[in-house]
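Okay, structure first, notes after.
What follows draws every value from the coordinates through simple rules; no lab data is involved. These figures come from a predicted structure and were not determined experimentally. No Cβ is skipped: glycine too gets one built from the backbone with ideal geometry, and neighbour counts run over all protein chains shown.
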Amino acid sequence: MEIGLKIKALREQKNWSQEELAEILNISKQSISKWELNKVYPSIDMLIKMSDLFDVTLDELIKGDKQFKRAIIETYQQPINDHKKKDPMNGWEFLAGYWWLFFPVAGMIWWMIQSLN
């Protein structure tokens, strides 16, 4: 069963509207609708909240939705693979990330020049 259908079934068991569930989870009604239509998947923290709210395990909530499992695997494996493939930082990237180092270095140079005089 797809996760959207499970969320809808669990919500209907509690006799909640999409709006009521959205209010409980502190999100928009549109998010609930997108989940139930399998247009978007809920985040891990939302899955945990729903797991507690509906008193089901995460396994029960996501099991059976192969497409969702693939999405999770791709999401959490991508940073690992990207880190291995990342090119070394070029000069402009270094300057963009560490521009603030200019000030202490310039201060030290200025202090050294002043102490020589």
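A simple spin-label model places pseudo-atoms 7 Å from Cα toward Cβ; at Gln30 and Asn117 they are separated by 6.1 nm. What pairs from Lys8/Lys29; Lys14/Lys66; Lys6/Lys66; Lys34/Lys66 go past 22 Å between their alpha carbons? Violating the 22 Å limit, Cα to Cα: Lys14/Lys66. Each label point was placed 7 Å from the Cα along the Cα-to-Cβ direction; for Ala9 and Gln77 their separation is 2.8 nm. Converting the Cα gyration tensor eigenvalues of the stretch 2-117 into ellipsoid dimensions via √(5λ) gives semi-axes, longest first, of 51, 19, 11 Å.
The length gained on full extension between Arg70 and Val40, counted as 0.36 nm times the residue separation minus their Cα-Cα distance, comes to 9.4 nm. Net length available on complete extension from Ala106 to Asp55 is 12.4 nm, with 0.36 nm assigned per residue and the Cα-Cα distance removed.
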